[in-house]
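Undergrad: Starting off with a structure, shown below.
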Amino acid sequence: VQLQASGGGLVQAGESLRLSCIASRRTFSNNGVGWFRQAPAKEREFVSAISWNGASTLYADSVQGRFTISRDNAKNTVYLQMNSLRPEDTAIYYCASARRAYGSRGEYDYNYWGQGTLVTVSS
């Protein structure tokens with residue numbers, strides 16, 4: 001499975017962005033998907049995850065209430081709507097396909113990764 005993340009850009013604090021993750025295979029719809037991010041000089045961290053059917057979602061505490069993950073399996077696409085962005089949200093955002101039907105907070109549960117899209121939030 002190849003994953004293509006897009007939608008990043010430069011925004012001001014308080015603004016919104018929507019990231020997209022498009023998969024190359026329809027079997028993507030059988031798997032959970034996660035978003036992770038890596039800020040400069042920091043370890044990659046979990047952001048959000050969604051189950052194969054969209055019924056179950058997970059969020060990091062730092063984005064809970066501001067970010068919303070969703071998916072459209074007919075389009076092989078997972079979205080991350082990011083509202084009320086903060087400078088500390090600045091990072092490269094990666095999407096990843098889980099080994100199973102449900103995503104998790106652990107990177108070890110994901111076996112396919114996209115190339116990342118850069119989000120920069122200015123204060």
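Quick note: the coordinates plus some simple rules give every number you see, no bench work behind them. Everything quoted here is computed from the prediction, not taken from an experiment. Here the Cβ positions follow ideal geometry from the backbone for every residue, glycine too, while neighbour counts run over all protein chains shown.
Undergrad: Between the DSSP loop rule and a limit of at most 11 other Cβ atoms within 10 Å, which chymotrypsin sites (Phe, Trp or Tyr not before Pro) in the stretch 64-112 are left?
TA: Passing sites in the stretch 64-112 do not exist.
Undergrad: Which of the trypsin sites (Lys or Arg not before Pro) found in the stretch 1-93 are in a DSSP loop and have at most 10 neighbouring Cβ atoms, other than their own, within 10 Å?
TA: Here the sparse-neighbourhood loop sites are Lys42.
Undergrad: How charged is the neighbourhood of Tyr110? Take every other residue with its Cβ under 12 Å from the Cβ of Tyr110, and add Lys/Arg as +1 and Asp/Glu as -1.
TA: +2
Undergrad: Need one number: nm distance between label points at Tyr108 and Ser24, each 7 Å from Cα along Cα→Cβ, rounded to one decimal.
TA: 2.8 nm
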